[in-house]
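Asks: Handing you this structure, nothing more for now.
The values are calculated or read from the model by the stated rules, or taken from the named source; none is laboratory data. Not measured: the values here are computed from a predicted model. Cβ sites come from the backbone with ideal geometry, for glycine too, and all protein chains shown count toward neighbours. What goes into the accessible areas is simple: the full protein's heavy atoms, side chains included, and nothing from ligands, DNA or RNA. Shrake-Rupley method; radii C 1.70, N 1.55, O 1.52, S 1.80 Å.
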Amino acid sequence: MTTVPTTHPSPSKVAWVGLGKLGLPMAARIIQSGTAVQGFDLSAERLVLAEKIGITPHQQLASAVADCGLVFVSIPDDRALINLCLESGGLVRHMMPGSILIETSTVSVEASARVAEAAKAQGLEYLRSPVSGNPVAAEAGTLSAMVSGPREALATAKPVFDAFTKAQYWLGDEEQARVAKLAINLMIAVSAGMMSEALTLARKGNIEWDAMLELISDSAVGSPMVKYKVPPLSQRDFTSTFSAAQMAKDLDLILDCAHGTGVSTPLAAQMREAYTALIATGHGDDDYIATVHHTERLSGLGEPMPAQQGGQTHA
């Protein structure tokens, strides 16, 4: 793994395809850095939001990517990626030969490899560049990018990456970034399950909800992900930044990747079962940390009483 120094000036404009919860704030950071952005999204509402922050909206994909040497993509899943790039969207056909396609989503190795083959046939460079972080990190420009593909293409794109990431890690020439992103998301899913079991165990032991959250945050396991989830957990606010259904989708990708490479992943399988139950009980649109609902239900607990949530946390 290596970081890449800047060797190229920033382009005058780029295209951004997919202006969702992560795509829009990432594109906004590029605007703020002084580079123009041409935007495309299937949602008219997202295009209106994009225009309000200075992105030039386009109703047609071909016009959005016209004359852009860098085209960033942020989409939900494999099906959307294949449809956008290879089927009805035809993105690779609309891009200029010699330009760079930079795909930032969490998708499978197999889908990404299909895009790589099509991009090569069209004379395009292709960077697999999934990001690690959340919408807050995207707004702050502190995402991390895992990148694989032509290293020179990353050097060209680095000035733009610097607008919305704190670091880019080049991992190899092929699909290594896809595997790395799945590995990171496996750790996040297991961490969510770990927190849920720890919090439920603490409730059963008559420890106040906020007191345990504070202890977890300040302990050796108080990772950035844990600290990020403590404030909404304190309020029992499960508004989604990344939903339980989305995490279930990623766990499917993780399990497929693991099976294909002969890796034993019992924790991934266990967490997939937990998210299946969570979705079945109506929490699929809640944040992925809502695994606490699943563990509490299995443990015979309902919502904590107000005194349990907001009592004195330390002397």
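Asks: So, how do all the Cα-to-Cα distances of the chain break down into 10 Å bins, in percent, from 0 on up?
Replies: 6, 26, 31, 22, 12, 4, 0
Asks: While we're here: Less than 13 Å Cβ to Cβ from Ser108, Lys/Arg counted +1 and Asp/Glu -1: what total charge do the surrounding residues give?
Replies: Surrounding charge for Ser108 is -2.
Asks: Still on this structure, please answer the following. Pairs of Cα atoms under 8 Å, at least six residues apart: use those to get the relative contact order of the chain, whole percent.
Replies: 15
Asks: What ³J(HN,Hα) values, in whole Hz, does the Karplus curve 6.51 cos²θ - 1.76 cosθ + 1.60 give for the stretch 157-169 when θ = phi - 60°, with x put for Gly and Pro?
Replies: 7, 4, x, 7, 3, 4, 6, 10, 10, 8, 6, 10, 10
Asks: Further, regarding this structure: Out of Asn206, Thr241, Ile254, whose Cα points farthest toward the positive end of the dipole of the stretch 169-268 (charges: +1 Lys, Arg; -1 Asp, Glu; placed on Cβ)?
Replies: Comparing the listed Cα positions along the dipole, Asn206 ranks first.
Asks: May I ask which residue of Ala277, Ala183, Gly54 lies farthest towards the positive end of the charge dipole of the chain, with charges of +1 (Lys, Arg) and -1 (Asp, Glu) on Cβ and the Cα centre as origin?
Replies: Gly54
Asks: Okay, moving on. So if the hydrodynamic radius of the stretch 115-245 is defined as the Kirkwood radius over C-alpha pairs, what does Stokes-Einstein give as its diffusion coefficient at 10 °C and 1.306 mPa s, in µm² per second? Write out the running numbers ahead of the final one.
Replies: On the way: Rh = 17.0 Å.
The diffusion coefficient I find is 93 µm²/s.
Asks: May I ask you to list the lysines whose Cα is less than 21 Å away from that of Lys13, ignoring any residue fewer than eight positions away on the same chain?
Replies: Cα-Cα hits under 21 Å: Lys52, Lys158, Lys166.
Asks: Sticking with this one: Modelled label-to-label distance, Ser144 and Ala269, 7 Å Cα→beta-carbon offset: nm?
Replies: Placing both labels 7 Å along Cα→Cβ, they lie 2.9 nm apart.
Asks: OK, next. If I model a spin label as a point 7 Å beyond the Cα along the Cα-Cβ vector, how far apart are those points for Met305 and Glu214 in nm?
Replies: A separation of 2.0 nm, rounded to one decimal place.
Asks: Tell me, what is the percent relative contact order of the stretch 107-190, built from C-alpha pairs under 8 Å that lie six or more residues apart?
Replies: 31
Asks: Taking all protein chains in place and a 1.4 Å probe, what share, in percent, of the accessible surface of the chain do carbon and sulfur account for? Don't jump to the answer; show the numbers that get you there.
Replies: Values: 8120 of 14190 Å².
Roughly 57 percent of what the probe reaches on the chain is carbon or sulfur.
Asks: Per DSSP H run of n ≥ 4, the term is -39500 (n - 2.57); total these for the chain, divide by its residue number, and report the mean residue ellipticity at 222 nm rounded to 500 deg cm²/dmol.
Replies: Calculated mean residue ellipticity at 222 nm is -15500 deg cm²/dmol.
Asks: May I pose another question? Can you quote the Å³ per residue value for the convex hull of the Cα atoms in the stretch 244-300, rounded to an integer?
Replies: Each residue corresponds to 63 Å³ of Cα convex hull volume.
Asks: While we're here: Given charges of +1 on the Cβ of Lys and Arg and -1 on the Cβ of Asp and Glu, with all other atoms neutral, how large is the dipole of the chain about its Cα centre, in debye to the nearest 20? Spell out each step's value before the answer.
Replies: Details: 23 positive and 32 negative charges, 82 e Å.
For the chain, the charge dipole is close to 400 debye.
Asks: Right, another one. Provide the per residue accessible area, probe 1.4 Å, for the stretch 133-200, rounded to a whole number of square angstrom.
Replies: It amounts to 35 Å² per residue over the stretch 133-200.
Asks: Next question. Rounding to the nearest 20 debye, state how big the charge dipole of the stretch 86-226 is about its Cα centre with +1 on each Lys and Arg Cβ and -1 on each Asp and Glu Cβ.
Replies: Values: 11 positive and 16 negative charges, 47 e Å.
Using only the charged Cβ atoms, the result is roughly 220 debye.
Asks: Right, next: Taking 8 Å as the Cα distance limit and 6 or more residues as the minimum spacing, I'd like the relative contact order of the stretch 197-315 as a percentage.
Replies: Value for the stretch 197-315: 38 percent.
Asks: Right, something else. Can you pull out the GluC sites (Glu not before Pro) in the stretch 98-195 that DSSP calls coil and that have at most 16 other Cβ atoms within 10 Å?
Replies: Working: sites: Glu103, Glu110, Glu117, Glu125, Glu139, Glu152, Glu174, Glu175; in loops: Glu174, Glu175.
Answer by residue number: Glu174.
Asks: Spin-label point model (7 Å from Cα, Cβ direction): what's the Ala44 to Val221 distance in nm?
Replies: Each label point is offset 7 Å from its Cα along the Cβ direction, giving 4.9 nm.
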